[in-house]
Amino acid sequence: MSTKGHSSITDSVRAEMTRQGLTQLQLAERMKVGQWWVSRRLNSDISASALLRFAEALDVPVTTFLPEPASSGRRRRRAA
C-alpha cells in the first residue's frame with residue numbers, strides 16, 4: 001500500500017478512535033490484543049484483515065476508513 005493511501009486510512013482509524021474517545025490501549029482491550037499491536041498497525045502498512053478488525057471493534061463499516069474515490073472530472077451525458 002502506498003504511503004499516501006496508508007496515511008489516509010490510518011488517519012481515518014485514528015479519527016474514529018478520537019470521535020469515540022478511545023486511546024490505543026482502550027481499543028486494544030476491545031480487540032483483545034496488546035496496545036503494541038494497535039500501534040504497529042497504525043504506524044506501518046495495514047492489512048485488510050487488520051482494517052476489518054478495527055472496523056468491528058469500533059462498530060463502523062470498514063468503508064468508513066477508505067478514501068473517497070477520485071472524480072474522473074467527466075460529466076455523464078444525459079439520455080435524450
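The values are calculated or read from the model by the stated rules, or taken from the named source; none is laboratory data. All values derive from a computational prediction rather than experimental measurement. What goes into the accessible areas is simple: the full protein's heavy atoms, side chains included, and nothing from ligands, DNA or RNA. Shrake-Rupley method; radii C 1.70, N 1.55, O 1.52, S 1.80 Å.
Numbers at a glance
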quantity: Candidate set from region 1-43 (those that are aliphatic (A, V, I, L, M), part of a loop (DSSP other than H, G, I, E, B) and modelled with pLDDT of 95 or more); member that is nearest to residue 69 (Cα to Cα); calculated: 22
quantity: Residue count for region 50-80, restricted to those that are open to solvent by 100 Å² or more (accessible area, probe 1.4 Å) and modelled with pLDDT of 95 or more; calculated: 2
quantity: Per-region count, region 34-48, residues under 11 Å from the mean Cα position of the chain (by Cα) and open to solvent by 80 Å² or more (accessible area, probe 1.4 Å); calculated: 1
